[in-house]
């Protein structure tokens, strides 16, 4: 028998608690009210729609212009997250003329101001590479109570937080029961040396799940120093053959050619790499990862004009991909096209204000161009985000020293000594400052 309205949900959830106005705060079908209509008077959502469980907990979206798909994640509506990090707002499915701020205020009015911390905030902070989220990502990656896709995403984000604790979290993920976690760990692990990389990844060649073992083969293909024993080499070649077969099977899609391009770069087969990257671009002009990786490969080969062409195409087609603007800015600086480099580094810094390295690189370039006021501002921004970073401390101290601002240089040098007493550079810098100070010249 087909269940209608809320009957399917109420097989498990108590009707006297959840199918009530005290829970959903909407009128039921048959009650008097005003439907939500379009500008031309068409009824879009009739009275009673908001009392349906699926409207709040399975809000749908229209894909490809015609395909309406309900969300099967069954989430609790969190318009506060919509306000903070831009997640979809379930309330605006019907109340399309309202803002997420209105939704959040309404939810607060109904249920109070208490909100549980949501993993979405951690993932968002990780994507923005905020330095204070490292421990939260580690906790998320190792907590089996969270969805597997969430944990895998946390693992992938940990690659931008190098350190012993993050390395340990990814190593543990290599032994996880979930195949997606193991595969992501293989893809994400950044060992301290080549020997460790081989020791950690090679056992995954024997993984029962194909997606895991072919990723292990792909990573090992990147390692020219690996010299497996005959039995292990036989397994490696067999699994690598599986990877190639999988990608060739999907070679009419851009991602298949793209993955083959990446593999042939690792195997030092440049012509095949370029051919597959170009094939991916021909299949899908909008598949920018192929253009980006092709640009990086051209740069590695010293063909920077070709690399610049690819990155410029991506930036033009995807102006919101600030990482690509950053890469283009660095490439242009390498090519000594400094004025253009500043344009793209500024664009990247504006789009990724929480990425200290972007401000740092911009500051160094502006300093080289003798745009001192802007350079100081950029270097200060980098240090504000990561106040203990030795590279940023040194860059700012060096900037002040070269500009004759000895007191400011001394203040930064003292921080270097206090925060990194094991490194001699802070004390050495203090000595230079002392020797150049007016008192020492008398």
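Data overview
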| item | result |
| --- | --- |
| Residues that are farther than 12 Å from residue 407 by Cα and modelled with pLDDT of 75 or more, drawn from the stretch 428-442 | 428, 429, 431, 432, 435 |
| Verdict on residue 338 being closer than 24 Å to residue 368 by Cα and touching a helix residue (DSSP H, G or I) at 6+ places or on another chain (Cβ under 6 Å) | no |
| Leading residue by the ranking (surrounded by the fewest Cβ atoms within 10 Å (Cβ to Cβ)) among those in the stretch 263-274 that are touching a residue at least 40 places away in the same chain (Cβ under 8 Å) and in a helix (DSSP H, G or I) | 266 |
| Matching residues, the stretch 43-65, being out of contact with any strand residue (DSSP E or B) (no Cβ under 8 Å at 6 or more places or on another chain), surrounded by 16 or more Cβ atoms within 10 Å (Cβ to Cβ) and farther than 12 Å from residue 94 by Cβ | 53, 57 |
| Residue among 368, 400 that is over 30 Å from residue 301 (Cβ atoms), free of Cβ contacts under 8 Å to residues at least 60 places away in the same chain and more than 27 Å from the chain's Cα centre (by Cα) | 400 |
| Qualifying position, being surrounded by fewer than 18 Cβ atoms within 10 Å (Cβ to Cβ) and under 26 Å from the mean Cα position of the chain (by Cα), among 21, 116 | 116 |
| Enumeration of residues in the stretch 309-361 that are assigned to a loop (DSSP other than H, G, I, E, B) and within 23 Å of residue 396 (Cβ to Cβ) | 352, 353, 354, 355 |
| Residues being exposed (fewer than 12 other Cβ atoms within 10 Å of the Cβ), assigned to a helix (DSSP H, G or I) and under 34 Å from the mean Cα position of the chain (by Cα) - total across the stretch 403-440 | 1 |
| Conditions (1) touching a helix residue (DSSP H, G or I) at 6+ places or on another chain (Cβ under 6 Å); (2) closer than 17 Å to residue 266 by Cα; number of the one not met by residue 197 | (1) |
| From 133, 66, residue being farther than 27 Å from residue 30 by Cβ, without any contact (Cβ under 8 Å) to a residue 40 or more places away in the chain and within 22 Å of the chain's Cα centre (by Cα) | 133 |
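The values are calculated or read from the model by the stated rules, or taken from the named source; none is laboratory data. In this text the structure is predicted, and so the values were computed from the model without any measurement. Backbone-built Cβ (ideal geometry, glycine too); neighbour counts: all protein chains shown.
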